[in-house]
1. Kindly evaluate residue 174 against the criterion of being more than 15 Å from the chain's Cα centre (by Cα) and assigned to a helix (DSSP H, G or I).
2. Looking at region 55-71, can you tell me whether even one residue there is farther than 29 Å from residue 130 by Cβ and touching a strand residue (DSSP E or B) at 6+ places or on another chain (Cβ under 6 Å)?
3. Would you check if residue 88 is touching a helix residue (DSSP H, G or I) at 6+ places or on another chain (Cβ under 6 Å), modelled with pLDDT of 95 or more and surrounded by 18 or more Cβ atoms within 10 Å (Cβ to Cβ)?
4. Looking at region 157-181 only, could you name the residues that are closer than 17 Å to residue 88 by Cβ and at pLDDT 95 or above?
5. Assuming residue 116 fulfils every condition listed in (1) buried (at least 17 other Cβ atoms within 10 Å of the Cβ); (2) modelled with pLDDT of 95 or more; (3) part of a helix (DSSP H, G or I) apart from one, which condition is it?
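The values are calculated or read from the model by the stated rules, or taken from the named source; none is laboratory data. Here the structure is a predicted model, which means the values were calculated and not measured. Counting neighbours? That spans all protein chains shown, and the Cβs are built from the backbone with ideal geometry, glycine included.
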């Protein structure tokens, strides 16, 4: 069984934020596959199932995502290697898709929480959202909507990320990493 976790924050105020791109990928997967809602309060989030795939949107707010992941992992006895965490990454240019297994959290509070709860050896589907001009603007940047220009390309990015997540449940990691990682899923004109 594979568990795909999309990181984000609950509530309509956060829905379109850069930080919620992981949730949006899960929403696409659930919709495309017609996955069944099997949520329980003990999972601390929304959980959906389709065949041998589980899709989780932790509802604990980003900083406590590990609580939800740990609860689902324990209940279904899922190996850490069979967990895919889908998240925004400011260290990657907008539209970039990268895969890695293990590693540090890079200052991402959702990943930090998951690392503390289950360790680091899960798969990470990193979606580049770009970075603000100044380091002090990071929190404000990820907790704001994509620009109108970026929003035009989100459907393409979300589709590619959801296809990547499905491939990770069916094919060897190295093969998926080779075929699905992209420097950019979209092409944006340079900003002035």
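1. It is true that residue 174 is more than 15 Å from the chain's Cα centre (by Cα) and assigned to a helix (DSSP H, G or I).
2. No, every residue in region 55-71 fails to be farther than 29 Å from residue 130 by Cβ and touching a strand residue (DSSP E or B) at 6+ places or on another chain (Cβ under 6 Å).
3. Against the criterion (touching a helix residue (DSSP H, G or I) at 6+ places or on another chain (Cβ under 6 Å), modelled with pLDDT of 95 or more and surrounded by 18 or more Cβ atoms within 10 Å (Cβ to Cβ)), residue 88 qualifies.
4. 157, 158, 159, 160, 161, 162, 164, 165
5. It is condition (1) that residue 116 fails.
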